[in-house]
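**Student:** This is the structure, below, for whatever I ask next.
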Amino acid sequence: MTTTLMYIKEWQQALQNEIQHLKKYGSNKFIVRNGRLLSDDGFFTYFFDTPISVKIPVGSTIRLEWGGLKQSGRVLSSEGKSVILSFDQSFGDLIPEAYLFHDPWELLEQLIERFDDVKKNKQKRLRVKRLMNPSMPAKHPEEKVKSNVHELVLRSKYNPVTFVWGPPGTGKTYTLARVAANKYFQEKRVLILSHSNQAVDVLVSEITDFIKKKNRFREGDILRYGFNTGEAIANHDALTTSQLLQKQEPQLAEDKEKLIEERRGLKQDLARSFSKRDSTQLLELETKIARVLEKIRQKEIEFVGDALVVGATLAKAASDSAIYTKEYDVVILDEASMAYVPQAAFAATLGKRVIICGDFKQLPAIASSRDSLVSKWLKEDIFHRAGVVEWVEQGKLHPHLYLLKEQRRMHPDISAFTNHFIYHSLVGDHESVLNSRKDIVERAPFQGRAAILLDTSFTGAFCLNERTTHSRLNLGQLLLSFQCIHEAYLDGARSIGYVTPYRAQANLMELLLQELYEKELATADIISATVHRFQGSERDVMVFDTVDSEPQERAGMLLIGKDSERLINVAITRTKGKFINISNQTFIRKHVYNRKTLRQLVEHQEKHQQIVKMKEIGSWVKNQLPRLQWIYARKLEMVFQDIELARSSVVLSLPEHTILTEPWKSVLHNRKKDVNLTIISSGNAWSELRPDYLLEESFSSPFIIIDQQLLWLGLPLEAAKGIHPPYIATRLDSEKVAEYVASQFLDSNQ
């Protein structure tokens with residue numbers, strides 16, 4: 001068997017192994033309600049209401065579970081808060097509530113099928129071979145190079161495979177768009193691919209803008225193919241199939257809209273009161289819609305065939321014959337580091353020339369199975385598997401690797417770390433970036449500083465494992481992060497990111513933002529997420545919360561594991577003007593090896609005097625929210641008043657070796673008669689306080705929850721005997737966060 005066929009065999013097996021894993025562990029699960037039988041003429045068709053909008057492609061295979069019954073079926077319609085499903089067997093006339101499972105592996109199965117076609121095609125197999133073993137000599141005339149764009153144009157003209165290494169902010173989109181436009185001007189057919197809709201949108205929009213500036217745009221020549229397009233494409237009026245249909249076949253587009261509107265009305269009628277007449281009408285309507293959609297499908301195929309530049313996702317390209325049966329002069333795969341190697345290889349089979357662009361120093365694709373073939377082919381990128389990275393590690397650039405080496409995104413105080421430690425000084429700053437980011441740097445918090453390490457050492461900001469998922473949480477660092485977001489927002493920042501390695505922490509921040517910052521979220525782009533969601537985007541201000549702290553005895557693998565360099569690189573390089581690293585420097589020095597990226601980051605920030613200690617909080621916190629207040633920890637009047645006013649419950653966390661002063665004992669003794677007292681402590685020495693519940697569990701940080709609404713962190717202060725006490729106590733008025741914290745320790749009846 002040839003090497004290329006061996007590759008394909010391993011890719012198909014890896015995809016199959018991932019599918020088997022997903023079948024066992026990975027369906028998307030939805031609740032469906034009020035299921036009514038619409039028809040039973042050969043197939044059993046049901047109409048369901050859904051609590052949220054469920055978007056599943058028509059024709060997709062699904063599974064329904066109701067009680068002990070399980071059955072596979074397919075989607076006939078999925079629109080708004082309702083779905084129509086078809087099954088081979090009956091569930092009865094009415095289904096009060098059931099679970100709908102949509103399986104995410106169909107796209108992988110389609111990719112396996114595409115490689116069955118590749119096996120039979122000698123030309124496509126040769127393209128795979130060149131991609132995986134790019135040992136052919138580079139043929140482009142280096143002496144003719146005039147600019148970055150021109151070099152890439154020449155490389156992609158003379159060489160079958162070109163790898164582009166595009167570190168953050170180095171003008172990847174700008175460069176690729178102009179290369180694609182150059183091919184377009186030569187009447188070449190270009191296919192733009194990426195794993196994400198957003199990446200395709202941005203690149204196609206940039207290409208279109210450039211071609212329009214040159215007054216060479218022709219309607220129908222550039223096509224964004226697919227349905228999940230965003231704002232970047234909406235700003236243009238003739239790039240999608242629906243926009244072109246509206247212009248070229250207005251009657252067909254109108255017929256579709258009328259029928260869909262009629263269906264929407266019928267569904268609403270059915271949701272209110274089920275009738276056989278309405279259900280019959282709905283099924284007839286679905287048949288009419290199917291006929292119109294088939295006509296539209298034929299027009300779409302025409303649009304794809306006529307266009308010179310087509311943009312689509314990798315999933316769309318592998319599943320839609322309108323794309324994968326065509327031949328292109330050049331295929332451009334963007335964000336290739338986040339694509340599976342088989343996806344990159346499939347992309348290469350579609351064109352005579354291929355440009356593979358990405359950054360192998362950022363996060364790779366996500367796969368779930370721990371199978372060895374999955375790890376080899378689905379968890380590492382094409383740059384590594386084609387041997388390109390090996391050259392870089394030896395201090396050389398591969399002959400077919402083109403590096404974009406000047407970044408224009410980050411303020412130099414931020415990029416200084418990544419340029420040196422991540423990109424080994426191969427990347428530098430454009431001269432303009434210092435001044436272009438000055439306005440952001442001068443804003444709060446930490447005016448005049450672009451990179452900050454907010455050190456939480458010895459502050460009582462402790463880290464615990466979430467009760468159900470075991471993901472890590474750090475409430476102290478969470479609230480500090482929120483205060484940074486608040487200060488930045490009030491001083492004009494409207495593009496703010498909060499990034500953390502741990503999903504539980506990201507979810508809790510999202511909860512806090514929704515409760516305390518609902519109005520502000522309507523006017524600002526503030527996102528809380530783990531690192532994967534941020535890849536490919538940028539923000540004026542980024543807050544990086546590492547979470548890890550005492551009493552954990554080791555740093556989490558997300559911060560010290562194999563992909564930790566990539567994770568931290570993405571967290572930093574999203575930033576334009578202000579990067580705030582919220583970390584426990586002492587914990588990191590104690591538990592993170594000195595060659596690891598997180599340790600290097602902390603030591604770099606210390607060396608460059610970017611550290612802010614917790615005792616300086618009074619100088620940078622300028623705007624306290626009424627519902628989030630920072631209070632000197634020895635000022636007890638407010639907390640005592642809150643306890644005295646408690647209506648139903650007080651929950652008190654008293655760490656080991658706690659000593660309570662008489663004022664504390666007095667205020668707890670004198671609580672209202674109907675107020676239940678719950679004490680969380682590993683000791684049994686609290687009977688004198690007459691607790692209603694005593695939970696024998698040790699938590700390192702003192703806290704108080706009052707009436708499931710008010711959360712005090714860092715108090716009672718005396719509970720911190722034996723460790724450094726916090727300078728500051730925090731009072732948070734948040735029902736959702738208080739409820740969440742209580743859920744980590746208390747059963748529902750306490």
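The values are calculated or read from the model by the stated rules, or taken from the named source; none is laboratory data. None of the values given here were measured: they were computed from a predicted structure. Every residue, glycine among them, receives a Cβ derived from its backbone with ideal geometry; neighbour counts consider all protein chains shown. For the accessible areas, the whole protein counts, side chains as well, though only heavy atoms, and no ligand, DNA or RNA atoms are used. Shrake-Rupley method; radii C 1.70, N 1.55, O 1.52, S 1.80 Å.
**Student:** Any chance you could count how many residues in the stretch 337-377 are of a type in the set (D, E, K, R), modelled with pLDDT of 95 or more and under 22 Å from the mean Cα position of the chain (by Cα)? Even if it seems obvious, please write down each step before you answer.
**Tutor:** Within the stretch 337-377, the first condition is being of a type in the set (D, E, K, R), and the residues that meet it are 352-353, 359, 361, 370-371, 376.
Checking the rest, the ones that are also modelled with pLDDT of 95 or more come to 352-353, 359, 361, 371, 376.
Those left that are additionally under 22 Å from the mean Cα position of the chain (by Cα): 359, 361.
Residues flagged as of a type in the set (D, E, K, R), modelled with pLDDT of 95 or more and under 22 Å from the mean Cα position of the chain (by Cα) within the stretch 337-377 amount to 2.
**Student:** What pairs come up if the first residue lies in the stretch 441-468 and is free of Cβ contacts under 8 Å to residues at least 12 places away in the same chain and closer than 21 Å to Phe417 by Cβ, the second is β-branched (Val, Ile, Thr) and crowded, with 19+ Cβ neighbours inside 10 Å, and their beta carbons are under 7 Å apart, counting only those six or more places apart or on different chains?
**Tutor:** As it stands, the answer is Gly448/Val441, since those pairs meet every condition given.
**Student:** Taking the stretch 428-447, which residues are part of a loop (DSSP other than H, G, I, E, B) and either open to solvent by less than 20 Å² (accessible area, probe 1.4 Å) or within 16 Å of Tyr489 (Cα to Cα) (or both)? Reasoning before the result, please.
**Tutor:** Our first condition is that a residue be part of a loop (DSSP other than H, G, I, E, B); within the stretch 428-447, this holds for 430-432, 437, 442-447.
Answer for the stretch 428-447, where residues must be part of a loop (DSSP other than H, G, I, E, B) and either open to solvent by less than 20 Å² (accessible area, probe 1.4 Å) or within 16 Å of Tyr489 (Cα to Cα) (or both): Glu442, Arg443, Ala444, Pro445, Phe446, Gln447.
**Student:** How many residues, within the stretch 299-345, are open to solvent by 10 Å² or more (accessible area, probe 1.4 Å), in a helix (DSSP H, G or I) and touching a Lys or Arg at 6+ places or on another chain (Cβ under 8 Å)?
**Tutor:** Number of matching residues: 2.
**Student:** Still on this structure: If you go through the stretch 217-243 one residue at a time, how many are touching a residue at least 24 places away in the same chain (Cβ under 8 Å) and part of a loop (DSSP other than H, G, I, E, B)?
**Tutor:** 11
**Student:** Then there is this: Being touching a residue at least 12 places away in the same chain (Cβ under 8 Å), exposed (fewer than 15 other Cβ atoms within 10 Å of the Cβ) and of a type in the set (D, E, K, R) is the filter; apply it to the stretch 34-66 and report the residue that is farthest from Ala98 (Cα to Cα).
**Tutor:** Per the stated criteria, the residue is Asp40.
**Student:** Of (1) among the polar types (S, T, N, Q); (2) over 26 Å from Thr162 (Cα atoms); (3) more than 28 Å from the chain's Cα centre (by Cα), Ser436 satisfies all except one. Which?
**Tutor:** Unmet condition: (3).
**Student:** With respect to Glu616, determine if the residue is under 30 Å from Val570 (Cα atoms), at pLDDT below 95 and either touching a Gly at 6+ places or on another chain (Cβ under 6 Å) or of a type in the set (Asp, Glu) (or both).
**Tutor:** yes
**Student:** Further question on the same structure: If you check His398, His384, which single one turns out to be under 27 Å from Tyr158 (Cβ atoms), at pLDDT 95 or above, in a loop (DSSP other than H, G, I, E, B) and not aromatic (Phe, Trp, Tyr)?
**Tutor:** Working: His384 fails: in a loop (DSSP other than H, G, I, E, B).
So the residue among His398, His384 that is under 27 Å from Tyr158 (Cβ atoms), at pLDDT 95 or above, in a loop (DSSP other than H, G, I, E, B) and not aromatic (Phe, Trp, Tyr) is His398.
**Student:** Out of all the residues in the stretch 675-687, is one or more at pLDDT 90 or above, surrounded by 12 or more Cβ atoms within 10 Å (Cβ to Cβ) and either in contact with a Gly (Cβ under 6 Å, 6 or more places away or on another chain) or not β-branched (Val, Ile, Thr) (or both)?
**Tutor:** Yes - at least one qualifying residue is present in the stretch 675-687.
**Student:** Of these, Val161, Val200, which one is open to solvent by less than 10 Å² (accessible area, probe 1.4 Å) and more than 15 Å from Asp334 (Cβ to Cβ)? I'd like the intermediate steps shown before the answer.
**Tutor:** Details: Val200 fails: more than 15 Å from Asp334 (Cβ to Cβ).
The unique qualifying residue is Val161.
**Student:** When you look at Ser700, is it open to solvent by 30 Å² or more (accessible area, probe 1.4 Å), assigned to a loop (DSSP other than H, G, I, E, B) and either modelled with pLDDT of 95 or more or under 16 Å from Leu475 (Cβ atoms) (or both), yes or no?
**Tutor:** On the way: open to solvent by 30 Å² or more (accessible area, probe 1.4 Å): yes; assigned to a loop (DSSP other than H, G, I, E, B): yes; either modelled with pLDDT of 95 or more or under 16 Å from Leu475 (Cβ atoms) (or both): yes.
Yes.
**Student:** From Glu219, Glu206, which residue is surrounded by fewer than 20 Cβ atoms within 10 Å (Cβ to Cβ) and in contact with a helix residue (DSSP H, G or I) (Cβ under 6 Å, 6 or more places away or on another chain)? Don't jump to the end; show me each part of the working.
**Tutor:** On the way: Glu219 fails: in contact with a helix residue (DSSP H, G or I) (Cβ under 6 Å, 6 or more places away or on another chain).
Selected residue: Glu206, the only one of Glu219, Glu206 that is surrounded by fewer than 20 Cβ atoms within 10 Å (Cβ to Cβ) and in contact with a helix residue (DSSP H, G or I) (Cβ under 6 Å, 6 or more places away or on another chain).
Let's see how each residue does on (1) modelled with pLDDT under 95; (2) in contact with a Ser or Thr (Cβ under 8 Å, 6 or more places away or on another chain):
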residue	(1), (2)
His150	no, no
Val153	no, no
Lys157	no, no
Thr162	no, yes
Pro167	no, yes
Thr170	no, no
Ala181	no, no
Asn197	yes, yes
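**Student:** Condition (residue is part of a strand (DSSP E or B) and modelled with pLDDT of 95 or more) applied to the stretch 582-593: is it met by at least one residue? Please lay out each step first, then the result.
**Tutor:** Step one: list which residues in the stretch 582-593 are part of a strand (DSSP E or B), which gives 582-583.
If we keep only those that are modelled with pLDDT of 95 or more as well, we get 582-583.
Yes: the stretch 582-593 contains one or more residues that are part of a strand (DSSP E or B) and modelled with pLDDT of 95 or more.
**Student:** Could you check the stretch 654-665 and list, in sequence order, the residues that are modelled with pLDDT of 90 or more and either open to solvent by less than 40 Å² (accessible area, probe 1.4 Å) or closer than 22 Å to Phe699 by Cβ (or both)? Talk me through it step by step, then tell me what you get.
**Tutor:** Initial filter on the stretch 654-665 (modelled with pLDDT of 90 or more): 662-665.
Selection gives Trp664, Lys665.
**Student:** Filter the stretch 622-650 for residues that are open to solvent by less than 20 Å² (accessible area, probe 1.4 Å), at pLDDT 95 or above and hydrophobic (A, V, I, L, M, F, W, C) and give the result.
**Tutor:** Start the filter on the stretch 622-650 by keeping residues that are open to solvent by less than 20 Å² (accessible area, probe 1.4 Å), which leaves 628, 633, 639, 642-643, 646, 650.
From what's left, at pLDDT 95 or above: 628, 639, 642-643, 646, 650.
Leu628, Val639, Ile643, Ala646, Val650 - these are the residues of the stretch 622-650 that are open to solvent by less than 20 Å² (accessible area, probe 1.4 Å), at pLDDT 95 or above and hydrophobic (A, V, I, L, M, F, W, C).
**Student:** Sticking with this structure for a sec: In the set Gln20, Gln12, which member is open to solvent by less than 60 Å² (accessible area, probe 1.4 Å) and assigned to a helix (DSSP H, G or I)? Walk me through it before giving the result.
**Tutor:** Values: Gln20 fails: open to solvent by less than 60 Å² (accessible area, probe 1.4 Å).
Checking each option against the conditions leaves just Gln12.
**Student:** Between a residue in the stretch 371-387 that is open to solvent by less than 50 Å² (accessible area, probe 1.4 Å) and any residue that is of a type in the set (Ser, Thr, Tyr) and modelled with pLDDT under 95, which pairs come within a Cβ distance under 6 Å, given they are 6 or more apart or on different chains?
**Tutor:** Listed by first residue and then by second, the contacts come to Asp381/Ser337.
**Student:** Pull out all pairs, ordered by first then second residue, where Cβ-Cβ is under 7 Å, the residues are six or more apart or on different chains, the first lies in the stretch 146-171 and is farther than 24 Å from His384 by Cβ, and the second is polar (S, T, N, Q) and assigned to a helix (DSSP H, G or I).
**Tutor:** What qualifies is Asn148/Thr175; Val149/Thr175; Val153/Asn182.
**Student:** Open to solvent by 10 Å² or more (accessible area, probe 1.4 Å), farther than 26 Å from Tyr225 by Cβ, among the charged types (D, E, K, R) and part of a strand (DSSP E or B): does that describe Glu97? Can you show your working first?
**Tutor:** Details: open to solvent by 10 Å² or more (accessible area, probe 1.4 Å): yes; farther than 26 Å from Tyr225 by Cβ: yes; among the charged types (D, E, K, R): yes; part of a strand (DSSP E or B): yes.
Taking the combined requirement at face value, the residue satisfies it.
**Student:** Here are Leu490, Leu479: which of them is in contact (Cβ under 8 Å) with a residue 24 or more places away in the chain, aliphatic (A, V, I, L, M) and open to solvent by 10 Å² or more (accessible area, probe 1.4 Å)?
**Tutor:** Details: Leu479 fails: open to solvent by 10 Å² or more (accessible area, probe 1.4 Å).
Result: Leu490 is the single residue among Leu490, Leu479 that is in contact (Cβ under 8 Å) with a residue 24 or more places away in the chain, aliphatic (A, V, I, L, M) and open to solvent by 10 Å² or more (accessible area, probe 1.4 Å).
**Student:** Let me ask another. It is to be established whether one or more residues within the stretch 550-558 are open to solvent by 30 Å² or more (accessible area, probe 1.4 Å) and among the acidic types (Asp, Glu).
**Tutor:** Yes; the residues of the stretch 550-558 include at least one that is open to solvent by 30 Å² or more (accessible area, probe 1.4 Å) and among the acidic types (Asp, Glu).
**Student:** Continuing with the same structure: Report yes if Arg409 is open to solvent by 20 Å² or more (accessible area, probe 1.4 Å) and touching a strand residue (DSSP E or B) at 6+ places or on another chain (Cβ under 7 Å), otherwise no.
**Tutor:** So Arg409 passes the test.
**Student:** Go through Leu108, Leu76 for me and flag whichever is farther than 28 Å from Asp329 by Cβ, touching a Leu at 6+ places or on another chain (Cβ under 7 Å) and part of a strand (DSSP E or B).
**Tutor:** On the way: Leu108 fails: part of a strand (DSSP E or B).
Criteria check complete, one pass: Leu76.
**Student:** In this structure, is Leu193 open to solvent by less than 60 Å² (accessible area, probe 1.4 Å) and under 18 Å from Phe346 (Cα atoms)?
**Tutor:** On the way: open to solvent by less than 60 Å² (accessible area, probe 1.4 Å): yes; under 18 Å from Phe346 (Cα atoms): yes.
Yes, satisfied.
**Student:** Take the stretch 23-33 and flag every residue that is part of a strand (DSSP E or B) and open to solvent by 30 Å² or more (accessible area, probe 1.4 Å). Walk me through how you get there before you give the answer.
**Tutor:** In the first step, residues of the stretch 23-33 are kept if they are part of a strand (DSSP E or B); the result is 28-33.
Within the stretch 23-33, Asn28, Lys29, Phe30, Ile31, Arg33 qualify.
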